[in-house]
Structures are given as C-alpha cells and as structure tokens.
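Inspection log for the structure reproduced underneath, given as structure tokens.
Computed from the coordinates by the stated procedures, all read-outs in this text should not be read as laboratory data. In this text the structure is predicted, and so the values were computed from the model without any measurement. Cβ coordinates were reconstructed from backbone atoms using ideal geometry, including for glycine residues, and neighbour counts include every protein chain displayed.
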Amino acid sequence: MIIKAINFRKDGFSTQPFAFGGEEGPDKFDPNVRYRSGLTNYLIDTGNEVILVDTGIPAGTPEESPDENTPIFTGKDVMTYMEAFSALGYRPEQVTKILLTHRHSDHSGELRSFPDARIYVNREELDAEELKGIPNIVPVDFTDGPYHNFPESQRIADGIRYIKAKGHTDGNSIVIAENDGLFYMIHGDVTYTDEALYENKLSVVYSDIEAARQTLDRVREFVSRNPTVYLSTHTPQGEENLAGKRIVDLSSPPETIPPGEVVFRTASGKYVCSVCGYVYDPAEHGGTAFEDLPDDWRCPRCKNGKDRFNRA
C-alpha cells in the first residue's frame, strides 16, 4: 500500500479563534495567532486498487483575497486538483473508489471527474446540494461493526476502514488505512490544524457541537493507543506527517511554524464561503454587492452566515 498527498493550494492561514473557538467561543483566543493552511487530499494505491479520499475544489474556484480580519485563507493555487492528481502519474479511469469525508466542495469538488469510480458517502450526506446528480454514489450505513474505539465502521478493502464521525457535518466520516504497523488517519475537518488536535480544541465550523466533541475525543483516544499518522486537509502538516511517517504523540506537541507573509490584493467583488466553497458573484445576483446583502443573509448551500465568507 502506498499513500500519496494531492496538494493543490498552499501558503494560507487560519486564525486561532477560527481553529480553536468552537466550544469556548472565538473571543477567548488571540486573532493575531495564525497557523499554516492549504488544501491537500490523499490517494491510496493498494496495488490492486486506486482509492481517493476526497476530490478537491472545483476547477475555476477563485482564490480568496484575505484581509486582516479573515478567519481562514485556504491559500494560493498550486494547480487544480485534477492537475495535482495527474502529476502523481494516475488517470481518472484507474480510480476504483472514492471515500468522501463530507459534502463540502473543498472535499467533493471534482467527484464528477471520476465517472468510473464508486463514490462511498455516509448516507446522512446524500441530500447535500454538492452531491446532486452524481449517479455513481454508494450510500454507506457502517454495517461492519466497531473499529477499535469507534462504534461504527465499514470495511472498504484490506486494511482500509471508513468510519462514522459526525460533528463537522451530520455525515462526516474518517478514513483509516493500516500499513506496515502504522495507522494513517485521513480525517477531513475534525481539526483544521494539528495544534487543535494537541490542544484538544474544536473549530467554529460544525453542525453538531456535542457530536463534534465526541468525535474529537474518540480521535484523541485512538491516536493515544495506536501509532497514528494524522493526515489533515487544511494544513501542510498533513503532507509533512505523511512524508516523515510522523506519529502523533499528544504529550509532545510539534513546533508551530508560522505562516509566511500574506500579500493582501485587490478584491474582485466575489466572495467565497470558507465552509462549503460557494461563490457569491454579484453579477449573478442583479449586481447586489455582498456587503449590501442583509445581515441575516446565509449561504444558499451550507446555510452559514456572511461572517464565513472571504473576499475573492
């Protein structure tokens, strides 16, 4: 088994209130503390199958234009997701399965580019706008029983489990691949930065705060009992952990590397939802500027408020 990172955005940041403030509230944390951010998904080559975990953002999604108050900036485009996938030497028709951690478009954006793959989705995500019209979806009911301390799982292939992990979304899931005595945990957005895992903090993005806490508790219990390489989507720490086979040790947090300098650029007038990737374009809404929308306006896709949008 070989696990590879598919990196397509880099040099972003998330603030401490965003990454840590889910339970105590963002005002309890320092907005001047920033952690590195980006976008990375993963590929598992078993030798018999090519399995993807998530499929990036849709091609053409504009970069955000962060300012001093931006809670999360996913970074600058390295290339599109499909270009990054192809750069690893694979073709779409080789992909047999896709395991979706959750519905948000920075995880589901290119599902339609793999029409020959079986797309495994927690049944609770099936009504999501991002998944409408995709015919090759396999609903998962997690019928293969417990996996270590996680109560519900589905066996996908030898050494690969798909695990129910509600919280970030109602159908949030985790993938764990076992290889050479290590457990590779690909988790989507249980945390946005590894510092949150070590500090035991939830982000401000969740559908069910109690379930999100339960999931993080189970993740921390699992990594404390098993040699685990923690593979994140929204921080380059995931790719670095994979490259170094770096095992989580909750008693020894890794050194925090600050993000590089962010260049603030002129905004286009478009805004991008930092949760689901929906793009608000004034040209498609009668010319109404985002700033002129009512304060109670919500994202038409994920229903989060205006404060979750970044300039593009």
- Item | Longest to shortest principal axis, alpha-carbon extents of the stretch 111-237, angstrom | 40, 35, 29
- Would you list the P(r) distribution for the stretch 271-311, with all Cα-Cα distances sorted into 10 Å bins from 0 and each bin expressed as a whole %? 33, 62, 5
- Note on the structure: Of all DSSP beta bridges with both partners in the stretch 22-146, the antiparallel percent, nearest 5, is 25 percent
- Cα to Cα, under 23 Å, and not fewer than 8 places away if on the same chain: which lysines meet these conditions relative to Lys245? Lys4, Lys10
- Per-bin percent of Cα-Cα distances, the chain [20 Å]: 34, 60, 5
- Tell me, what is the Rg over Rh of the stretch 1-125, with Rh the Kirkwood radius over Cα pairs? 1.04
- Which one of Thr80, Ala177, Phe13 is farthest out on the positive end of the charge dipole of the stretch 2-244, using unit charges on Cβ (Lys, Arg +1; Asp, Glu -1) and the Cα centre as origin? Ala177
- Query: What is the sum of charges around Ser207, taking Lys and Arg as +1, Asp and Glu as -1, for the other residues whose C-beta is under 12 Å from the C-beta of Ser207?
  - Reply: -3
- Message: If I take every Cα pair under 8 Å that is 6 or more residues apart in the chain, average their sequence separation and divide by the length, what percent do I get for the relative contact order?
- Response: 19 percent
- What is the magnitude of the charge dipole of the stretch 271-311 about its Cα centre, with +1 placed on the Cβ of each Lys and Arg, -1 on the Cβ of each Asp and Glu, and no other charges, expressed in debye to the nearest 20? 260 debye
- Among Arg155, Arg36, Arg103, the residue with the largest mean-square fluctuation in a Gaussian network model of the chain built from Cα contacts under 10 Å is Arg155
- To the nearest 20 debye, what charge dipole does the stretch 100-246 have about its Cα centre, counting +1 at the Cβ of each Lys and Arg and -1 at the Cβ of each Asp and Glu? 260 debye
- Item | Mean Cβ count within 10 Å, highest first, over the residues of peptides 223-229, 186-192 | 186-192, 223-229
- Item | Charged-residue dipole, Cβ positions (Lys, Arg, Asp, Glu), the chain about Cα centre, Debye nearest 20 | 480 debye
- Ordering of 70-77, 281-288 by packing [mean C-beta count within 10 Å, highest first]: 70-77, 281-288
- Run through the DSSP bridge list for the chain and note the antiparallel percent, rounded to the nearest 5. 75 percent
- Task: Taking 7 Å along the Cα-to-C-beta vector as the label spot, tell me the Glu210-Ser252 distance in nanometres, rounded to one decimal.
- Result: 3.8 nm
- Message: Could you compute the net charge surrounding Gln16? Neighbours are other residues with a C-beta less than 13 Å from the C-beta of Gln16; K and R count +1, D and E count -1.
- Response: -1
- Rounded to the nearest 10 degrees, what's the angle between the helix 209-225 long axis and the longest principal axis of the chain, both from Cα atoms, 0 to 90? 40 degrees
